[in-house]
């Protein structure tokens with residue numbers, strides 16, 4: 001039994017040869033990352049939610065009992081205003097996907113680990129900016145405030161849509 005095992009009640013310590021292989025590994029070098037695509041994402045994400053609220057509002061307003069029974073509410077869905085909002089929403093979705101991919105590729109080229117960014121971009125969009133700031137070791141105050149406001153916007157959009165849907169059901173009864 002060596003002296004380290006005597007000092008730790010028989011347990012090996014991290015200073016032993018078993019854990020210390022005497023190999024030096026340098027810390028990964030990270031280069032600078034451009035924020036232009038991130039700033040574009042900060043504009044696109046809430047804009048898409050606002051456009052979604054506006055377009056769903058026009059649909060819910062056009063739906064009454066009579067318009068559903070005679071099918072005239074479909075005229076609103078094919079009107080120019082709704083089509084423009086739908087196309088704009090799809091264009092913003094495509095821009096979001098393109099800019100997220102470009103942003104992640106730029107971060108990956110600077111030797112950062114990107115798995116968390118990919119998961120946030122797919123499953124938890126509001127947290128993408130906070131995780132990006134954490135990954136790049138940037139100040140966290142603005143990303144946290146932005147994420148809170150963006151999350152509140154999403155909650156407001158869901159509440160607004162539910163209120164409109166419940167109002168539609170109540171008007172039909």
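Laboratory data are not the source of any read-out in this text; all were calculated from the coordinates shown. Everything numeric in this text was worked out from a predicted model, so none of it was measured. Neighbour counts are summed over all protein chains in view; Cβ atoms, including those assigned to glycine, are modelled from backbone coordinates with ideal geometry.
When Rg and the Kirkwood Rh are both derived from Cα coordinates, the Rg/Rh ratio for segment 37-154 amounts to 1.13. The separation of segment 134-172 from segment 100-115, counted between C-alpha centres, amounts to 26 Å. Counting other Cβ atoms within 10 Å as a rough exposure proxy, the listed residues 54, 154 run 54, 154 from fewest neighbours to most. Shown for 139, 125, 81: other C-beta atoms within 10 Å of each C-beta, ranked fewest to most, produce the order 139, 81, 125.
Classify segment 99-173 as rounded, prolate or oblate, taking a ≥ b ≥ c as the square roots of the eigenvalues of its Cα gyration tensor: rounded when a/c is under 1.5, otherwise prolate if a/b is larger than b/c and oblate if not.
Verdict is prolate for segment 99-173.
Over segment 73-173, what relative contact order in percent results from Cα pairs under 8 Å that are six or more residues apart? This gives 13 percent for segment 73-173. Spin-label pair residue 29-residue 54: with each label point 7 Å from Cα along the Cα-Cβ axis, the two points sit 4.8 nm from one another. The ranking of 149, 85 by Cβ neighbour count inside 10 Å, starting from the fewest, reads 149, 85.
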